[in-house]
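Chemist: Questions regarding the structure given below will be posed in turn.
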Amino acid sequence: MHELSLCDDLLGQVLALGRQHQARSIVGITVHVGGLSGVEPMLLATAFEICRVGTLAEQARLVLEPIPVRVHCNHCGIESETPNNHLQCPVCQSPDTDMVSGDELILARVELDTACV
Amino acid sequence: MCNTCGCSITPGNRPLVLAEKPRDGVSTVTVLKNLSSKNDRQAEHNRAHFDRHGVLVVNLMSSPGSGKTALLEATIKRLAGSLKIAVIEGDLETENDARRIQALGVTAFQITTGTACHLDAHLVHNALHQMDLTNLDVLFIENVGNLVCPASFDLGHHRNVILLSVTEGDDKPAKYPVMFRAADLMLISKTDLLPYLDDFSPNRAQQSLRNLASKAPVLELSAHQPQNLDVWINWLHDALKTHRRQLANHQTQRPAIARDDVLLHGEASLRLRPVMPESTRP
Ligand SMILES: Nc1nc2c(ncn2[C@@H]2O[C@H](COP(=O)(O)OP(=O)(O)OP(=O)(O)O)[C@@H](O)[C@H]2O)c(=O)[nH]1
Ligand SMILES: [Mg+2]
Ligand SMILES: [Zn+2]
Ligand SMILES: [Zn+2]
Ligand SMILES: [Zn+2]
């Protein structure tokens, strides 16, 4: 629930990439948002609309890809997708699991418009 | 609600917020840019301060009114003479909680956050430089009563303790998984009220936490029954012992925060999109 500040971090990284590659504009940004990241995709999208104004990313398309929670079972060894609040192994019901994905917030892809100047 | 959150931006007020932002965004972007990953850097700096003084820092989180301050009062009375305690209190308004602690002869620093519904590492840093950390054993940080935002902010502390009072319902971990997964210890509080509540089951509360694949210990206590605080007091002594051992090995401890201080990590894959110059476009 600190989407506005996160979005600012995100934009900072994206704009740095844009400058580094002398982009004319940022065309697309893809972020992976885990179900247990503590980040609400709707709020992040809204925050982005505010933060991007007047930047290289003003016209950028923000794609938020939800990442489901996946756990590895230490009992039967099987990896499965689970709901956010039910992380036991759905196969053998063991509570001894480790999360392999679902709490991440990752800047996955940036599309830059780098037309010759 | 909260300025750093975005939780105050609703579909209703969004056009206004948007209109307020100046079009020459450059300077504005610079202003906004000092929040979350900066929070994590600040948190590491705070932890270094704490570790230099050998103090164990425990972050107490819960819904409003679950009994954080009452537990601190009871704990201070029990530890008088054995451990040296100080407290940082976080509240939106009032210095009431700090006054309650000070009344017991213990140093308490009140942070009033105004609009922010959580503490962050900068607020805590500001407080810690106004406190004397020498000879302290345990510093408690009582976070703002809220089961959402505080889970996402590392303060530089070592342990997260989350209270769930028996009047809140035993399904809270299922409803707030991000918060409860951050627990190093869950305390079921106000157990003196259990006889009056027919639908709160400590077992179900614990099961609800286990459903999050959390191995954090669960203890039951009541601030109104100091004779039953032993398990909690023992946990504190153990945590301090573990912490001091770690420090002797030049290691520190980090709380079970949801994301291991990695924000927006991972390699971004770059796709460069060749766009034809305007003049040559068909
Ligand atoms: N019966 C009973 N009441 C308690 C217990 N602990 C706290 N209370 C009561 O619960 C109310 C809130 O307690 P606080 O200690 O102020 O709760 P808090 O979590 O610090 O509240 P905030 O700081 O406002 O979030 C007070 O009226 C306390 O007397 C307990 O163990 N048993
Ligand atoms: Mg309080
Ligand atoms: Zn299994
Ligand atoms: Zn908030
Ligand atoms: Zn400092």
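Chemist: So what's the Cα pair-distance distribution over the stretch A:2-113, bin width 10 Å, in %?
Modeler: 15, 38, 23, 16, 8, 0
Chemist: In addition: Quickly work out the B:GLN207-to-B:ASP192 label distance, labels modelled 7 Å from Cα along the C-beta direction, and quote it in nm with one decimal.
Modeler: Here the modelled spin labels are 2.9 nm apart.
Chemist: To continue, here is another question. Which one of A:THR30, A:LEU87, A:PRO41 has its Cα pushed farthest toward the positive end of the charge dipole of chain A, where Lys and Arg give +1 and Asp and Glu give -1 at the Cβ?
Modeler: The residue sitting farthest along the positive end of the dipole is A:THR30.
Chemist: So what is the 222 nm mean residue ellipticity for chain A from helices alone, if each DSSP H run of at least 4 adds -39500 (n - 2.57) and you divide by all residues, rounding to the nearest 500 deg cm²/dmol?
Modeler: Computed ellipticity for chain A at 222 nm equals -8000 deg cm²/dmol.
Chemist: In terms of solvent-accessible area of protein heavy atoms at a 1.4 angstrom probe, what is the ranking of B:LYS172, B:LYS241, highest value first?
Modeler: Output order, biggest surface exposure first: B:LYS241, B:LYS172.
Chemist: Any residues in the stretch A:1-25 that have 30 Å² or more less accessible area with all protein chains than in their chain alone, probe 1.4 Å, and which are they?
Modeler: Relative to the lone chain, where solvent access is computed with a 1.4 Å probe, the stretch A:1-25 loses at least 30 Å² at A:MET1, A:HIS2, A:LEU4, A:SER5, A:LEU6, A:ASP8, A:ASP9, A:GLN13, A:HIS21, A:ARG24.
Chemist: Quick one: buried accessible area between B and A, total over both chains, 1.4 angstrom probe, nearest 100 Å²?
Modeler: For B against A, buried area totals roughly 4600 Å².
Chemist: Report the FRET efficiency, 1/(1 + (r/R0)^6), for B:HIS45 and B:THR242, where r is their Cβ-Cβ distance and R0 is 25 Å, rounded to 0.05.
Modeler: My answer for the efficiency is 0.65.
Chemist: Report the label-to-label distance for A:ASP98 and B:HIS53 in nanometres (one decimal), using points 7 Å from each Cα along the Cα→Cβ vector.
Modeler: Placing both labels 7 Å along Cα→Cβ, they lie 3.6 nm apart.
Chemist: How far apart, in nm, are the 7 Å Cα→Cβ label points at A:GLU58 and A:ILE78?
Modeler: The answer from the label model is 5.4 nm.
Chemist: Please work out how much length the chain gains when fully extended from B:ARG99 to B:ASP199, using 0.36 nm per residue of separation minus the C-alpha to C-alpha distance, in nm with one decimal.
Modeler: The B:ARG99-B:ASP199 span can extend by a further 32.5 nm.
Chemist: State in Å² the accessible area per residue of the stretch A:2-113; use a 1.4 Å probe, count heavy atoms of protein chains only, and round to the nearest integer.
Modeler: Value for the stretch A:2-113: 39 Å² per residue.
Chemist: Okay, next question. Leaving ligands, DNA and RNA out of it, report the carbon-plus-sulfur percent of the accessible area of the stretch A:2-113 at a 1.4 Å probe.
Modeler: Result for the stretch A:2-113: 51 percent of the exposed heavy-atom area is carbon or sulfur.
The values are calculated or read from the model by the stated rules, or taken from the named source; none is laboratory data. What you see is a predicted model; the values in this text were computed from it and never measured. Here Cβ is always computed from backbone atoms with ideal geometry, including for glycine, and neighbour counts include all displayed protein chains. Note: accessible area is taken over every heavy atom of the protein model, side chains too, but ligands, DNA and RNA are not part of it. Shrake-Rupley method; radii C 1.70, N 1.55, O 1.52, S 1.80 Å.
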